[in-house]
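The values are calculated or read from the model by the stated rules, or taken from the named source; none is laboratory data. Just so it is clear, the structure is predicted and the values come from calculations on it, not from any experiment. Counting neighbours? That spans all protein chains shown, and the Cβs are built from the backbone with ideal geometry, glycine included.
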Amino acid sequence: MDASRDDITAEIAAVAARLVVEEGLEYAAAKRRAVKQLGLPARTPLPDNATLDAAVREDIAVFCPDTQATELLALRELALLWMERLQAFRPYLGGSVWHGTATRHSDVYLQLFCDDPKAPEWTLLDHRVEYHPGTVNGWRGEPVEALTLRTRCEALGQWVLVHLMVHEHDDLRGALKPDAQGRKPRGDAAALRRLMAGEVSA
């Protein structure tokens, strides 16, 4: 029974990984869609994020290692550009662009830590940057205010969504705790540059 359950979990992870890589779905949405595509009951146990992350990396290594590396670099450079523009709000990059699994279909997620949570919005308005306010789930599962903007990525020849997740300054300490896999869950501009430089030298 356990072996069968493990097989099903692995199958869900493989299908979900394809959806993450090919469509840029977030992990939770990809798992739900995979269950539906496989015709499994809605309550089927889902793979954890570490299992899905491993499946995503395997999918990239098998199907698109060269193109993914180029696309990831383009998205990281785009993220860096916006981090520099928003440096007054202590931006940190998270998600697949930070962790190295992003493709051209992925969105960019920047966490901002502000004394005044309304300040980033005023800055966008002052610079006539169009954006859409909304909410997304934060790292603790709580709703977080997000400002979503659509920006051109010339290296990819397409538009990319950048989500600015606005937090209070005191939230920064909790945001830097290692995740369940012991990884840094996000990094600032200096950390991102070191990451990129390390990958180029490697």
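Check ALA88, ALA34, ALA50 and return the single one that is outside the structural domain of THR148 (by TED's automatic domain parsing) and without any contact (Cβ under 8 Å) to a residue 60 or more places away in the chain.
Exactly one of ALA88, ALA34, ALA50 is outside the structural domain of THR148 (by TED's automatic domain parsing) and without any contact (Cβ under 8 Å) to a residue 60 or more places away in the chain, namely ALA34.
Set side by side, the residues TRP159, TRP122 differ, and just one is of a type in the set (A, V, I, L, M, F, W, C), assigned by TED's automatic domain parsing to the domain that holds ALA190, farther than 25 Å from ALA16 by Cα and out of contact with any Leu (no Cβ under 6 Å at 6 or more places or on another chain), which is TRP122. Look at (1) within 21 Å of GLU23 (Cβ to Cβ); (2) modelled with pLDDT of 90 or more and you find that VAL136 fails only one, number (2). Pairing each residue of region 69-85 that is exposed (fewer than 15 other Cβ atoms within 10 Å of the Cβ) with any residue that is modelled with pLDDT of 95 or more and not polar (S, T, N, Q), provided the two are 6+ apart or on different chains, yields C-beta distances under 7 Å for GLU77/ALA155; GLU84/ALA189. Of all the residues in region 9-53, those that are surrounded by fewer than 19 Cβ atoms within 10 Å (Cβ to Cβ) and under 15 Å from the mean Cα position of the chain (by Cα) number 8. Of the numbered criteria (1) within 26 Å of LEU195 (Cα to Cα); (2) of a type in the set (D, E, K, R); (3) out of contact with any Phe, Trp or Tyr (no Cβ under 6 Å at 6 or more places or on another chain), the one ARG43 fails is (1). Within the option set MET165, MET196, being within 29 Å of ARG57 (Cα to Cα) and either of a type in the set (Phe, Trp, Tyr) or buried (at least 17 other Cβ atoms within 10 Å of the Cβ) (or both) holds for one residue only, MET165.
Would you say ASP6 is under 20 Å from TRP98 (Cβ atoms) and either crowded, with 20+ Cβ neighbours inside 10 Å or not assigned by TED's automatic domain parsing to the domain that holds SER106 (or both)?
no
Looking across region 24-50, the residues that are within 18 Å of TYR109 (Cα to Cα) and at pLDDT below 95 come down to GLY24, LEU25, GLU26, TYR27, ALA28, ALA29, ASN49.
Restricted to strands (runs of 3 or more DSSP E) entirely inside region 92-202, those with at least 2 residues that are within 24 Å of THR67 (Cβ to Cβ) and free of Cβ contacts under 8 Å to residues at least 60 places away in the same chain are 108-114, 143-153, 158-168.
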